[in-house]
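Here's the structure we're looking at; comments come further down.
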Amino acid sequence: MSIARFWRETPRRYNLGGSKCSTCATVYFPPRAVCPECTSHRQSIEKMIPFQLSGEGEVLSYTVVHEPAEGFEMQVPYVLALVQTREGPVLTGQVVDISPEEVRIGLKVHATFRKLREEGKAGVIHYGYKFAPTEEPESHPAPRGPAAVARTDELPARDRAPA
C-alpha cells in the first residue's frame, strides 16, 4: 500500500469509521458509497451516512499463524481472527494479549490501537486496530479465597520453583 493511500485511510482505520445506509440501516466497514443490500442500489446513493463502530465483538473463526508474512516474523505464532462486530460487519484482525491456546470461537473481544508493522529499519511505522479479549480466559480463572492457594505439586512443571 502506498504511503499516500495509507494516510488517506488513517481516520477510518484508527477509529473504525464505517458507513450506514439510511434506507435499510445496514452497517459497512470499510465505508461504502452505495448499499449493495438495497433492492435498488440507486436508492442508497447519497444516503450512506458516516457511522462509528464500537469495536466490540466476538471471534467467529480464527487461525494460528506459524509461517508469517514479510514483516511479521518476530510475532509468530500469532492469532488471526474473523471478528463479528456488535453492529454487524465482520473484521479480520490479530488477537493480542492472550496466548494462542486460549483463543476460542465466541471469545468476546474489543478493538485496540496497536503498531501493525514498520517499513524497513528507518521507515514509516503503521498503526491500526487489533483485538484484545474483554473477558478473562476460562482456562485461568482468578483465584479466590484462601482455599484457592495451590500446592506446589499441583502446579504445572513450568510454574514450579526450581528445587
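Quick look at the numbers
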| read-out | value |
| --- | --- |
| Summed side-chain charge close to residue 22 - residues other than residue 22 whose Cβ falls under 12 Å, Lys, Arg +1, Asp, Glu -1 | +1 |
| Percent RCO, i.e. relative contact order, over the range 11-109, from Cα pairs under 8 Å lying at least 6 residues apart | 24 |
| Charge dipole magnitude, Cβ of K and R +1, D and E -1 - the range 54-133, Cα centre, debye nearest 20 | 200 |
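None of the figures in this text is laboratory data; all of them are computed from the coordinates on show. Source: prediction; values computed, not measured. Methodologically, a virtual Cβ is constructed for each residue, glycine included, from the backbone with ideal geometry; neighbour enumeration extends over all protein chains shown.
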